Every structure is written in structure tokens, then in C-alpha cells.
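Worksheet: the structure to be examined is printed underneath.
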Amino acid sequence: MKKDTVWKAYLSDDRRFADLVNGIMFHGAQAVSAKDLTERDTQTGYMPQPGERRQRSIKIRDTVREVRLHDGLVRIGIECEEYVDYSMPLRDLGYTAGEYEKQAAEIRRCIRQELSSLHGAERMYRFKKDSRVIPSVSLILYCGRDEWNGPRTLHDMIDFA
């Protein structure tokens, strides 16, 4: 766990974060700079409002930044792993789903104020037809000594037999 904290501190530098994103996602092209980054909460998932009975579904990411790319935004989370996690694609799926749940909850909070003007499914689900979420991407940074021998994608974990 101590090394995890060291990696979080290392990646808290926006220049390093941008360099890593450029190296992995853009094959070294300088598409992202430190000024394009905004630090975001590492907690993802649905946070119930006071008084709600729904259970919490919270996950904590290592590092998250909102990145301005061209005319849009993307949220990029980086997970640093010291040991091979054979369930990593499933964990990643949970992080990604949690990020979208968090964004949807924020949209619903905003829509609550205009609920009286909504009808049908938009009113029932508090999510308008034109509501949109920001894309979420996860990067897994493996820092272990041994070669990663675990699944890299969810497809690698599924038994199609």
C-alpha cells in the first residue's frame, strides 16, 4: 500500500500525468499538456442523498483528471498496480460504471429543479433525452517486478465455450 501512495504522489504532477496519457493514448504525440488537466474526485459511484435508503456503490480510483481534448472533455483515471490482479478488467469495469453513475446522479440533481416542466420518461427517470455524460477512460499502470500474466481485457476473462 505504501508504494500505491508513492505512485499517487508521483502522478499528482500534471506534467507527468499528461506525459503518461500522451505516451499511452497518443503514441507519444503531444496531444495533452498540463494546462489541459483538471483534478477530479477519485471517488466514483452513486452517492445517496441524505434520507435515501439506497445502498452506496463507491469505488476509489488512484488518480483522476478531466482532460480537455480539442472541443470536448474526457475523464481519465489511472490505476497503479504493483501486483498482477487477475480480476483487473472486472475492477476497471466497476470504476468506469461508477464514474458514469456519478455523472448521471449529478445530472439528476440538476434536473430536479426543472422537474415540473418535464413529462413522461424524462420526468420519471430525471434524465432528459439530450442529457450527456463525459467519456471515461481507465489506464492501468503496472509497476510490478514480474511480467503481467493476467487478463488485459474483459474479453480475455469470458468463457465463450
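The values are calculated or read from the model by the stated rules, or taken from the named source; none is laboratory data. Just so you know, these numbers come straight off a predicted model, no measurement behind them. Ideal geometry is used to build each Cβ from the backbone, glycine not excepted, and the neighbour counts take in all protein chains shown.
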What number of residues within segment 131-161 are loosely packed, with under 14 Cβ neighbours inside 10 Å and within 22 Å of the chain's Cα centre (by Cα)?
-> 7
Hey, among the residues in segment 68-88 that are among the aliphatic types (A, V, I, L, M) and surrounded by 14 or more Cβ atoms within 10 Å (Cβ to Cβ), which one's nearest to the chain's Cα centre (by Cα)?
-> Ile76
Residue among Tyr100, Tyr142, Tyr83 that alone is among the aromatic types (Phe, Trp, Tyr) and over 22 Å from Leu11 (Cα atoms) = Tyr100
If we keep only residues of segment 70-90 that are among the charged types (D, E, K, R) and modelled with pLDDT under 90, then the residue farthest from Thr153 (Cα to Cα) is Asp71
Members of segment 130-161 that are of a type in the set (S, T, N, Q) and in a loop (DSSP other than H, G, I, E, B) = Ser131, Asn149, Thr153
Scan of segment 122-161 for residues that are of a type in the set (D, E, K, R) and free of Cβ contacts under 8 Å to residues at least 40 places away in the same chain, ordered by number | Glu122, Arg123, Arg126, Lys128, Lys129, Asp130, Arg132, Arg145, Glu147, Asp159
Could you please find all residues in segment 97-129 being within 22 Å of the chain's Cα centre (by Cα) and outside any helix (DSSP H, G or I)?
-> Phe127
